[in-house]
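Working notes, beginning with the structure itself.
Read-outs throughout are calculated quantities, based only on the coordinates presented, and are distinct from any laboratory measurement. Predicted model, so just to flag it, every value in this text is computed and none were measured. Please note: Cβ atoms are built from the backbone with ideal geometry, for glycine as well, and neighbour counts cover all protein chains shown.
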Amino acid sequence: MKKIVNVFIPKLSENKFLAVTRASLDKIFGDMSALPGGGVEDGESLEVAARREMLEETGSNLVRISSEPILVTTPVLLGQQIKLYIFDGEIDSEDFHPTDSDISGVNWVTPKTFFDSLRQFGWPESELPKFEKFLIEKGFIL
């Protein structure tokens, strides 16, 4: 099962959190908003993968990352089951400069924008309540 790490960077005062926009050239997920993150490489720890993906996709370093994932889920995407680990974190800068060509933008999104994007790109509806519960527990207004 493929392992994926994502990092949740909240801006609770604005009811927003950090998301990346997949490049239009991505034939499957082009223009989708997603949490920064990606695949865990062979021999790589979850934390190292999260730090690497954050730097590649936003140009920012993680100055703090939770010691354990704050959410773990196993959705089936495009016929393949993945194990998704979401960590809580803080970044060193909001001067975003992605180096990953799969990323066309980095911005702060509302829960509604995020959920609309997930639905548009076929995220399993059965998985969405897990994210909703998580955001509510974090103090977000849906």
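Contour minus end-to-end for SER126 and ARG64, with contour as 0.36 nm per residue of separation and end-to-end as the Cα-Cα distance?
19.3 nm
Using the Kirkwood radius over C-alpha pairs as Rh, can you work out the diffusion coefficient of segment 75-116 via Stokes-Einstein at 25 °C, viscosity 0.890 mPa s, in µm² per second?
Working: Rh = 13.6 Å.
This corresponds to a translational diffusion coefficient of 180 µm²/s.
Using Cα positions and a limit of under 26 Å, work out the lysines in reach of LYS138, with same-chain residues fewer than 8 apart set aside.
Within the straight-line limit of under 26 Å, LYS138 reaches these lysines: LYS3, LYS11, LYS16, LYS83, LYS112, LYS130.
Quickly work out the ASP92-to-VAL72 label distance, labels modelled 7 Å from Cα along the C-beta direction, and quote it in nm with one decimal.
My value for the distance between the label points is 2.9 nm.
How large is the translational diffusion coefficient of the chain in µm² per second when you combine the Kirkwood radius over alpha carbon pairs with Stokes-Einstein at 20 °C and 1.002 mPa s?
Estimated diffusion coefficient is 141 µm²/s.
Under the rule of -39500 (n - 2.57) per DSSP H run of 4 or more residues, summed and divided by the residues of the chain, what mean residue ellipticity at 222 nm is obtained, to the nearest 500 deg cm²/dmol?
-7500 deg cm²/dmol
Two decimals is fine: what is log10 I(q)/I(0) at q = 0.11, 0.19, 0.23 Å⁻¹ for segment 44-110, from a Debye sum with one equal scatterer on every Cα and no solvent?
-0.31, -0.88, -1.13
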